[in-house]
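A quick write-up on the structure given underneath.
Every read-out reported here was derived from the displayed coordinates using simple, explicitly stated rules and does not represent laboratory data. Quick caveat: nothing in here was measured; it's all calculated off a predicted structure. Methodologically, a virtual Cβ is constructed for each residue, glycine included, from the backbone with ideal geometry; neighbour enumeration extends over all protein chains shown.
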Amino acid sequence: MDSAPELTIQGADGAYPVIIWPGALTDALPAFVRARRFSRVAVITNDTLAPLYGQALVDRLPDAFLVTVPDGEAYKTLSTATALYGELLAGGCDRASLVIALGGGVIGDLAGFVAATFMRGVAFVQAPTSLLAMVDASLGGKVGVDLPQGKNLVGAFKDPLAVFADTETLRTLPPVEWRCGLAEVLKAGLIADPPLIDHLLTRGPDPIEDVIARAVRVKKAVVEQDRLESSVRAYLNLGHTFAHAIEGVSGYTWKHGEAVAVGLVAAARLSVRRGLASPDLAETVERAVTALGLPARYAGLEPAALWDAMRHDKKWQSGTARFVLLRAAGAPCMAADVPRADVIAALESLREGA
Ligand SMILES: NC(=O)c1ccc[n+]([C@@H]2O[C@H](COP(=O)([O-])OP(=O)(O)OC[C@H]3O[C@@H](n4cnc5c(N)ncnc54)[C@H](O)[C@@H]3O)[C@@H](O)[C@H]2O)c1
Ligand SMILES: [Zn+2]
């Protein structure tokens, strides 16, 4: 690779760059901040990433300080946001300050929500360190926190000034988080980039900068198109109706990305069963999922219980069974009123030991 892939995303107030580059935290991000004037720079991260990358980043930035929260989705809350507002004030932040989110999707959503609301909004930069955050959570401007009643129930739209994805940081990402990010990469390929699926099948996720850039282009296309014609954003939910049901019914013992992997196979099988796609599609999806080290099957969960969980999904307005399905790789469609029997049959076929 001899040049950084040049990518921008059209946001509410103009385009922002997405820099995917090994070492971006060392050179490109500090240069970006130094070229602008911020009264203070708050780097928000968690206690896993602070010693790995947080302090080193702060040391390279002018007028910067580190703010650390505990690691985990359990801390993506209003009470953590309240604590962060206090830290920003104590650190001397005002309306001319910058917030940098350094971490996975949890930190991106939380720090983005704080940046969107502190003093009615301050400048914001995303520095995603997980593969999932690089290809998904850091893009598109959705930020927010969880409530006890459910995930992401309070939020805002907050576009960053820029996204800096330093691929060097992926070296310390736990293997399971790596695989979970690959599930979202595969999802991107299935929505709009079939050659990405061939690439994953023949060469694996390598070089990762190229693979990330391709997944970013898919999300870019979807969120930009959605600004004009709202509905295509729903395609990003491919595999996710199933995944959310698996996560919920299992009591959140399943990792999101692993549930998405099963969900992608389930969506492909349901597409075949509904006569939308040919059987090769389901075979290709299953082969890709397995090649990436992700599960294509689940055990122990009742298909009927999964169906009930989907029925209560807030995305199913007025209780009609709506799924993102595929006519082929790269050709998603919305299917309404999908019969329960077809959904149950697709789920039953993926149940281990069934
Ligand atoms: N805003 C959006 O559009 C959007 C889209 C998808 C997901 N999300 C949100 O993203 C979150 C999930 O993101 P995630 O999967 O990145 O989870 P995460 O932020 O919890 O990160 C996963 C784990 O990996 C660790 N980690 C991250 N980068 C690391 C690195 N380079 N080295 C070592 N450890 C590292 C984290 O500390 C954490 O323990 C959820 O809260 C979800 O709701 C948001
Ligand atoms: Zn997802």
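Worth pointing out:
- Between 0 and 90°, nearest 10: helix 256-273 axis offset from the chain longest Cα axis: 30
- The antiparallel fraction among DSSP beta bridges confined to the chain stands at about 40%.
- Size of the chain as Cα extents on the principal axes (Å, biggest first): 59, 46, 38
- Whether region 187-233 is rounded, prolate or oblate, judged on the alpha carbon gyration tensor where a/c under 1.5 counts as rounded: prolate
- Separation of the W316 and L147 label points, Cα + 7 Å toward Cβ, nm: 2.2
- For region 84-127 and region 10-36, distance of Cα centres in Å: 16
- In this simple spin-label approximation, A83 and A291 carry label points 7 Å from Cα along the Cα→Cβ vector, and these lie 4.3 nm apart.
- Under the shape rule built on the C-alpha gyration tensor, where the axes satisfy a ≥ b ≥ c, region 6-172 is rounded, since a/c falls short of 1.5.
- Between region 294-313 and region 217-272, the Cα center-to-center distance that results, in Å: 14
- Anchor K151: lysines whose Cα lies under 18 Å away (excluding residues fewer than 8 positions away in-chain): K76, K142, K255, K314, K315
- The chain, relative contact order [Cα under 8 Å, separation at least 6], %: 14
- Highest to lowest packing among 237-243, 221-227, 156-162, scored as the average C-beta count within 10 Å: 237-243, 156-162, 221-227
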